[in-house]
Amino acid sequence: MPTPARRPPHGPDGTGAAAPPSGTAAASDDPAPSPGKGSIAGFYLVAGLIMGGVWAWNHGSPLWEHAVKLLVLLFVAAPLLHLARSRRAARRPAHRLRLSFVRLATAKIALVVLALGASWLLEDSMPHPDLVVAAGLAAVITLLGPLLHRYLLVRPPAAVP
C-alpha cells in the first residue's frame with residue numbers, strides 16, 4: 001500500500017511558517033462545512049416517523065386530541081431540541097443560516113391543519129383513517145421536508161459591534 005506524500009515542515013518561502021491550506025486564508029477563517037443533504041434527509045425521516053407514530057398511537061381519539069398532542073410535540077418538544085442545538089451552534093460562525101421560527105411555526109400549523117382535514121375527510125370512508133393519515137404525515141415530512149428546508153432558513157441578524 002503506497003504511503004501518502006508528506007509536505008515539508010517549512011513553508012514555501014523557507015521561513016519555517018507553514019503555508020495555509022487554501023489560498024490566502026488561514027484554515028480557521030474558512031466557514032465550517034454545512035451538514036450534507038443526507039443528514040437533513042435523515043433528520044426529516046426521523047421527524048416524520050415520530051409525528052406519524054404519535055398520530056397512529058392515538059388512533060381512535062377525537063380530532064381535537066390529535067391536534068393538541070401534535071401541537072405539543074411540535075411547539076414544546078421541538079423548541080427544546082432547537083434550544084439544545086442552538087447552544088451547540090454558538091461555537092460556530094455567526095454568518096451561517098438559521099431556521100426561522102415564524103416560517104417553521106407556519107409550516108407546522110399548516111401540517112397539523114392538513115392532517116386534521118385529511119382525517120376528517122376520511123373518517124366516514126374507511127375503518128381506520130388515522131393510520132392512513134399517520135402514514136401520510138410520515139411520507140409528507142420525509143419527502144417534502146428536505147425539499148422545502150431551504151425556505152425555512154434565514155440569515156442571522158448582523159452582529160452589532
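Residues considered: LEU49, LEU73. Of these, the only one that is touching a residue at least 24 places away in the same chain (Cβ under 8 Å), surrounded by 15 or more Cβ atoms within 10 Å (Cβ to Cβ) and more than 11 Å from the chain's Cα centre (by Cα) is LEU49.
Only residues that are of a type in the set (A, V, I, L, M), in a helix (DSSP H, G or I) and at pLDDT below 55 were counted in segment 25-68, giving 1.
Restricting attention to segment 94-145, the residues that are over 21 Å from PRO79 (Cβ atoms) and not hydrophobic (A, V, I, L, M, F, W, C) add up to 12. Applying a threshold of 7 Å to beta carbon distances and a minimum spacing of six or more residues, or different chains, the list of pairs starting in segment 95-120 at a residue that is more than 16 Å from LEU147 (Cα to Cα) and ending at one that is acidic (Asp, Glu) and open to solvent by 40 Å² or more (accessible area, probe 1.4 Å) is empty.
Do you know which of the residues in segment 90-105 that are under 14 Å from ARG155 (Cα atoms) and part of a helix (DSSP H, G or I) is modelled with the lowest pLDDT? So, considering only residues that are under 14 Å from ARG155 (Cα atoms) and part of a helix (DSSP H, G or I), the one modelled with the lowest pLDDT is PHE101. Tell me whether segment 121-132 contains one or more residues that are assigned to a helix (DSSP H, G or I), over 22 Å from the mean Cα position of the chain (by Cα) and over 17 Å from GLY53 (Cβ atoms). The answer is yes, given that some residue of segment 121-132 is assigned to a helix (DSSP H, G or I), over 22 Å from the mean Cα position of the chain (by Cα) and over 17 Å from GLY53 (Cβ atoms).
The values are calculated or read from the model by the stated rules, or taken from the named source; none is laboratory data. Note that the structure is a prediction, hence the values are computed from the model and not measured. Here the Cβ is made from the backbone with ideal geometry for all residues, glycine too, and neighbour counts use every protein chain on show. With ligands, DNA and RNA removed, areas are computed over all heavy atoms of the protein, side chains included. Shrake-Rupley method; radii C 1.70, N 1.55, O 1.52, S 1.80 Å.
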